[in-house]
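Please read the structure below before turning to the comments.
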Amino acid sequence: MSKGETLRGGAGGVTTPPFTTRRWALLAMSVGVFCIQLDSFGLNLALPQIGRDLHAGGDGLQWVISAYLLSTGTLMLGAGRLGDLFGRRRLLIAGLVGFGAASLVCALAPTLPVLVGARVAQGAGAAMIMPVGLSLLTNVYPAEVRGRAIGWALGVGGIATACGPFIGGALTEAVSWRAVFWLNVPLAVLGAVCASRTAESYDTSASRSVDWSGLATVTAALAALCVVIDRGARWPWPAALAGVAVASALLLLFVRRERAAAFPLVELSLFRNGPYMALTLAGAAANTTTVMFLFVVPLTLQGQWDLSVVLAGTAFLAPALTMALAGPLAGRVPPRVAVRLMAGCLCGGALVLAGLSRTSSLTLYVAVATVGGAVLGVANSLTLIATQAVIRPERAGEASGVTKTVITVAAGLGVGLAGAVTDQERGVGSKAAADTALQITAAGCLAACVVLAVWIWSREGAVTAGSGEARDGSAPRPPV
């Protein structure tokens with residue numbers, strides 16, 4: 001299959017393109033994920049310097065982080081399905097170009113409002129790259145190697161996720177916080193060039209009609225929900241409650257719209273896919289835990305252990321490496337054991353976070369964090385890999401959009417909790433605040449593990465009663 005050809009996916013299956021075409025798709029996705037994750041975590045330690053350079057302070061600085069995450073979480077669901085309908089390669093290229101252009105504006109931003117606006121545009125580009133890139137890999141790779149390919153892409157992203165605070169802090173200290181954004185520009189161009197060399201892919205079994213009303217409703221609902229999660233703690237309780245009510249009403253309106261639509265944006269039968277929903281919701285808990293881990297550990301290395309930014313980043317290399325290697329390892333996990341492994345990862349994550357708050361030496365702290373990087377890296381990669389294995393490839397963008405939306409919104413909870421640990425003046429937090437945040441997150445992670453374990457047990461009980469499925473937890477091919 002040469003450049004410019006179309007990979008058609010429909011009810012009858014997916015035509016597998018040659019190795020070269022698949023390789024370009026993997027490279028494009030890897031570069032895109034690296035940029036997205038770097039900009040999610042690379043500016044946390046740079047906020048005080050951004051404030052000084054742009055003559056801004058207070059809560060306004062937090063919008064440099066929040067605007068990006070809110071925009072990404074709000075737009076992912078719609079972007080995933082639009083990629084299915086109008087071309088996954090086309091939207092991936094558009095996302096990479098948009099991300100690079102927005103990064104250029106960020107690097108040149110003269111004021112905080114301009115920077116925040118450009119971060120919103122960055123988030124819009126990221127919202128196209130992630131779900132569309134995942135669905136593109138799902139469709140260009142054959143089933144037997146698909147998980148490994150996605151795992152490698154997520155592993156590259158894992159490097160940026162784990163090393164983001166160090167890279168951002170080091171660039172800020174040595175050059176400027178603007179260097180983080182300058183780095184994105186050539187990378188985004190490289191990703192777009194790679195994406196242009198792969199095959200086009202879209203869902204040929206569906207009408208090209210778009211449920212624009214449903215898209216507008218769900219986007220508004222997610223925007224309201226994300227803002228409440230990010231800012232609700234600072235509002236009077238009546239305002240926060242009103243925000244929750246607005247988001248809930250819009251979500252209910254979206255469900256009603258999808259039930260009546262001839263060509264729904266999201267087929268509601270997706271939410272009856274048990275393994276998909278179990279992995280997605282468990283992934284939300286794992287992502288919240290990971291965000292807390294990535295915020296607190298580097299800050300603690302600087303605060304409690306009194307290390308410089310460079311030394312803290314060096315100490316964090318071991319957890320970062322295990323988190324990066326987790327992606328390819330998760331790609332080799334058979335779908336039939338994915339849910340059980342996810343439960344084990346949630347339990348491990350809870351133990352790691354609880355252990356971090358009780359370590360008495362730097363060596364032990366780094367060792368426990370290294371185990372945590374491996375466990376949480378597997379959990380997060382497994383969420384995106386395994387959910388793609390239990391849906392039809394032609395609707396992969398829709399499913400990846402829903403999954404990424406859920407786990408990104410969950411990440412907002414982690415960011416909000418982690419913000420209480422950060423002192424904007426010193427860039428670090430107190431031991432008491434960090435320990436409390438870790439323990440709260442560990443409790444939530446353990447609760448999610450228990451719920452998932454109960455679900456596995458009840459499902460196996462139904463199988464034993466004669467559902468006709470295997471006892472190993474595998475599921476028949478779902479209808480969505």
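Considering only protein heavy atoms, with the full assembly of protein chains and a 1.4 angstrom probe, order ILE456, ILE159 by accessible area, largest first.
Most to least solvent-accessible, the answer reads ILE159, ILE456.
Report, to the nearest whole %, how much of the accessible area of region 57-98 belongs to carbon and sulfur atoms, 1.4 Å probe, protein only.
Carbon with sulfur: 68 percent of the solvent-accessible area.
Return one whole number: the accessible area per residue of the chain in Å², for a 1.4 Å probe.
Result: 38 Å² per residue.
With a cut-off of 8 Å between alpha carbons and a minimum separation of six or more residues, what is the relative contact order of region 272-350 in percent?
It rounds to 52 percent for region 272-350.
Along Cα→Cβ, 7 Å out, is where each label goes; now give me the distance between the ones at PHE86 and GLN439 in nm to one decimal.
Modelled inter-label distance: 5.1 nm.
Just report the Cα centroid separation between region 344-387 and region 228-289, whole Å.
With region 344-387 and region 228-289 each reduced to a Cα centre, they are spaced 27 Å.
Can you work out ³J(HN,Hα) from phi for every residue in region 107-122, in order, using Karplus 6.51 cos²θ - 1.76 cosθ + 1.60 and θ = phi - 60°, giving whole Hz and x for Gly and Pro?
5, 9, 4, x, 9, 5, x, 5, 4, 5, x, 5, 5, 4, 5, 4
As an exercise, identify the trypsin sites (Lys or Arg not before Pro) in region 138-233 lying in DSSP coil whose Cβ has no more than 12 other Cβ atoms within 10 Å.
Within region 138-233, the qualifying trypsin sites (Lys or Arg not before Pro) (loop, at most 12 other Cβ atoms within 10 Å) are ARG208.
Could you check the spin-label model distance between LEU108 and GLU173? Points 7 Å from the Cα along Cα→Cβ, value in nm.
My value for the distance between the label points is 3.1 nm.
What is the distance, in nm, between label points placed 7 Å from the Cα along the Cα-to-Cβ direction at SER205 and at ARG52?
A separation of 5.8 nm, rounded to one decimal place.
Let me have the relative contact order for the chain, percent, based on Cα pairs under 8 Å that are six or more residues apart.
24
If you roll a 1.4 angstrom probe over the protein chains with everything in place, what fraction of the accessible area of region 105-174 belongs to carbon and sulfur, to the nearest %?
75
For the full complex of protein chains and a 1.4 angstrom probe, list ASP435, ASP306, ASP53 by accessible area with the highest value first.
ASP306, ASP53, ASP435
Report the charge-dipole magnitude of the chain in Debye, nearest 20, computed about the Cα centre from +1 at each Lys and Arg Cβ and -1 at each Asp and Glu Cβ.
900
Of all the accessible heavy-atom surface of region 283-333, with the other protein chains kept in place and a 1.4 Å probe, what percent is carbon and sulfur?
Accessible surface attributable to carbon and sulfur in region 283-333 totals 69 percent.
Run the numbers for THR20 and VAL450: contour at 0.36 nm per residue of separation, minus the present Cα-Cα distance, in nm.
Between THR20 and VAL450, full extension yields 150.4 nm more.
Using protein chains only and a probe of 1.4 angstrom, how many square angstrom of ASP230 are accessible, to the nearest 10?
Roll a 1.4 Å probe over it and ASP230 shows about 20 Å².
The values are calculated or read from the model by the stated rules, or taken from the named source; none is laboratory data. What you see is a predicted model; the values in this text were computed from it and never measured. Cβ coordinates were reconstructed from backbone atoms using ideal geometry, including for glycine residues, and neighbour counts include every protein chain displayed. Remember, those area values only see protein heavy atoms, side chains included, never the ligands or the DNA or RNA. Shrake-Rupley method; radii C 1.70, N 1.55, O 1.52, S 1.80 Å.
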